[in-house]
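I have placed the structure first, in the form of structure tokens, so that the comments after it can refer back to it.
The values are calculated or read from the model by the stated rules, or taken from the named source; none is laboratory data. Just so it is clear, the structure is predicted and the values come from calculations on it, not from any experiment. All Cβ positions, even for glycine, are placed from backbone atoms using ideal geometry, and neighbour counts span all protein chains on display. Calculation scope for accessible area: heavy atoms of the full protein, side chains included, ligands and nucleic acids excluded. Shrake-Rupley method; radii C 1.70, N 1.55, O 1.52, S 1.80 Å.
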Amino acid sequence: MRRHVISGFALAVMAASPTMSAGHDLSALQYPAAARGLVVDELHGTKVADPYRWMETPGPDVAAWVAAENAISQPYLDAIPAREAIRTRLTELWDYEQYGYGWLDEKARVPVKRGGRYFYVEKSGKQNQGVLYWASTAEAPPRILVDPNTLSTDATASLADYSISPDGRYVAYAVSDGGTDWDTWHVREVDSGRDLPDLIRDTKFTGVSWMPDASVFYYSRYPTGADGKADDQQQVTVYRHRLGTEQAADEAVYSTPENPRHNPYGLVSEDGRWLVLVISYGFDSNAIHLRDLSKPDAPVMRILDKWDGLYDFLGAVGDRLYFKTTQGAPRGRVIAVDPAKPEAVEIVPEAAARLYQASLVGGHVIANYLEDARSRLRVYRMDGSLRGEIRLPGLGTVTGFPDAPKENEAFFAYTDYLTPLALYRYDVARDEVTPFRRPNVPFDASPYLTEQVFYTSKDGTRIPMFITRRRDTVMNGDNPTLLYGYGGFDVSLTPVYSPVYAAWLERGGIYAVANLRGGGEYGAAWHEAGTKTHKQNVFDDFIAAAEWLIASKYTSPQRLAIHGRSNGGLLVGAVMAERPELFGAALPGVGVMDMLRYHLASANAYGWSSDYGTVEDPEQFRALLAYSPVQNLRPGRCYPPTLVTTADHDDRVVPWHSFKFAAALQYAQHDCANPVIIRIETRAGHGAGKPAWMQIEDWANQWAFLAKHLGMAGGS
């Protein structure tokens, strides 16, 4: 199916970019040389050129090109007058208490109670990384348990994950260095604050699940290759680690060699009886296997093995295991499974709104629904009867409620676009909510409002969009506006406060977030409508959002910027390739830009095929080729001013995606004055664990770039 024709390189040296437009002198901007190789793939009878294939292999040529690009991009950004003022204001806005941290599992972003003790992550405004604390009571002064700010001189070592033992005596915590997805697990004794000798390496994306007596925990890791390094092209195996022993002695307890793309992860039920094995592949379905740990020789039971939906394990009560699932319910429901019986029992039926999250707390099911991308909480008894609702401070986003079937209290977090994340405590027995932590922020939200609008996409589908702006905004079509989107992997874009967007609002910008298909806002059907051969729906939805903002006089093409990261970076790359005249600037971040080769980057990347499809299927290949950003840039077209951002340690969306896109865009742009620059961060990855100082510098660059090219104050 595929043929590579490599007949040498033809060196293409970019000419100096001409002046962009009146008032913007770019005569000194010259793009680095980028060799255009004669590589051609033949896919299903179609020949596809890939002139920048060499960028996929790290080496001196790639390093030289990266250094040359950074040598022009950062001086260009530093020269924008508004940049220093933006950086200063971002530093001020960052100075407030931040709870949780977005890279943790949503249920772990709030305090958890283990062994009568309370554990939570908090970051003061002056700190680069969040600190894990513990306290003997919810009101007691906290004590530092793990402070990642002390682990590296540049603050790029971060707390990637943690797991408290059920008795509260130990914490297993994972450290990521320089933004990589690879991490190393340590074990610390809570009382003494000392690390035990235990070290767990060769892991990505795995949690640690403890037995009740804290003597053993389960985790998943990759095998080592011939070079002695962990190989993420292979599948993981579940291991059993006994505290106080070497990792080499860990027992392999489960794998799925019959399907090498399936990855198993182990979760121990609270009573220690069940090892729940979550078999993962893709983002639309999984399987559940089960082992009875009370019987040493018990076989593994494949209790939910039809790959007919997603199953999220909530906990065990008595002989029943509880799951949130999309099986038979695209918007989600809660079921109970007795391993001795074949049929699941429905506890909470599917509702009109999407069941975003469910938790078992204090003998109740707490259901977090999304109604038009905003949270609504309902509490059910274990027999499925509705007890009532939990009132929220506004129309925003709720996360939290760690599963704790026997506890009578739980914590949750609330935020919206103008309200920084705050923590609340819910007393299950009394059905009472009380504030727990509220930050003091240096931002006055009173001049602003958030409105939700609905617009029609190309095929007539009704799409929601949040717009945050000043209350006194004049709808004259001349407001600088930033449109953000994602549209993939069942991810729901719900209201969240960020100092980044507070700074944007203060500079007179409008911030719009479109809830595109491909996300999870309305359940599995909404997600599937933006996947594989239907991916064009996502781009149509985003383009329709831009057209609606222009038609409704919020902005104009010259003053409209688009932004997205990761799958959202793909979104930006695809729509600017399709409709370049519609946008005044573009900010594609860590994007998946070569859709014909994304699946070859790592075993993790191949799992994205549940959303994207792959070139191995003829119909999916044609769909991918039709929108893949790298392959759809055309010399002679004029693309908007573009700042591409990526990082050299990104091992999730490898940086060659952005390298190839930037080189192709610079080549295509040679007759157009709009600048194309790429900023490649060092000592950073896909985004998780990025220290505050580095985030501030990054966003100062991006907002300064928009100030210049959207004609905002201080842009020139």
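So, with +1 on the Cβ of K and R and -1 on the Cβ of D and E, and no other charges, what is the size of the charge dipole of the chain about its Cα centre, to the nearest 20 debye?
Dipole about the Cα centre, nearest 20: 980 debye.
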If the cut-off is a Cα-Cα distance under 23 Å, which lysines reach residue 690, setting aside same-chain residues fewer than 8 apart in sequence? 107, 123, 126, 204
Taking r as the C-beta separation of residue 150 and residue 452 and R0 as 45 Å, the FRET efficiency to the nearest 0.05 is 0.55
Mind checking the dipole of region 182-256: about its Cα centre, +1 per Lys or Arg Cβ, -1 per Asp or Glu Cβ, Debye to the nearest 20? 100 debye
Among 414, 426, 440, the residue whose Cα sits farthest towards the positive end of the charge dipole of region 380-474 (+1 at Cβ of Lys and Arg, -1 at Cβ of Asp and Glu, taken about the Cα centre) is 440
Rounded to a whole %, the carbon-and-sulfur portion of the accessible area of region 595-684 at a 1.4 Å probe is 47 percent
With the other protein chains left in place, how much accessible area per residue, in square angstrom, belongs to the chain at a 1.4 angstrom probe? 38 Å²
Given a Förster radius of 22 Å and the C-beta distance between residue 407 and residue 143 as r, what FRET efficiency does 1/(1 + (r/R0)^6) yield to the nearest 0.05? 0.55
Counting as exposed only trypsin sites (Lys or Arg not before Pro) in DSSP loop states with no more than 10 other Cβ atoms inside 10 Å, the longest exposed-site-free span of the chain is 472-716
Remind me, relative contact order of region 591-716 in percent, using alpha carbon pairs under 8 angstrom and six or more residues apart? 24 percent
Cα lying deepest toward the dipole's positive end in region 549-624, options 569, 551, 598, charges on Cβ: 551
With only Lys, Arg, Asp and Glu charged, each at its Cβ (+1 for the first two, -1 for the last two), find how big the charge dipole of region 638-698 is about the Cα centre; round to the nearest 20 debye. 60 debye
Going by amide H atoms built from the backbone, whose H comes under 5 Å of the H on residue 293, apart from near neighbours? 274, 275
Over the chain, what is the relative contact order in whole percent, taking alpha-carbon pairs under 8 Å and six or more residues apart? 12 percent
I want to check the label-to-label distance for residue 383 and residue 429. Put each point 7 Å from Cα in the C-beta direction and report it in nm to one decimal. 2.2 nm
Near residue 306, which lysines are there with a Cα under 18 Å away, not counting those fewer than 8 places off in the same chain? 324, 341
Tally up the carbon and sulfur contribution to the accessible surface of region 385-484 as a whole percent, 1.4 Å probe, everything protein left in place. 45 percent
Alpha-carbon centroids, region 31-82 and region 285-354: separation in whole Å: 47 Å
Each residue of region 87-97 in order: what ³J(HN,Hα) in whole Hz does its phi give by Karplus 6.51 cos²θ - 1.76 cosθ + 1.60, θ = phi - 60°, with x for Gly and Pro? 4, 5, 5, 4, 4, 5, 5, 6, 8, 7, 6
Given points 7 Å out from each Cα along the Cα-Cβ axis, report the residue 471 to residue 670 separation in nanometres with one decimal. 5.5 nm
On full extension of the chain, what length is gained from residue 308 through residue 258, given 0.36 nm per residue of separation minus the C-alpha to C-alpha distance? 16.1 nm
Compute the distance in nm between two label points, each set 7 Å from the Cα along the Cα-to-Cβ direction, one at residue 301 and one at residue 42. 5.4 nm
Can you list the HN-Hα couplings for region 418-429, worked out from phi with the Karplus curve (6.51, -1.76, 1.60; θ = phi - 60°), rounded to whole Hz and with x for Gly and Pro? 10, 10, x, 4, 10, 9, 10, 10, 10, 8, 5, 4
Can you tell me how region 616-716 classifies by the Cα gyration tensor, rounded, prolate or oblate, using a/c under 1.5 as the rounded cut? oblate
Residue (of 615, 702, 659) at the positive-pole extreme of region 559-716, dipole from beta-carbon charges: 702
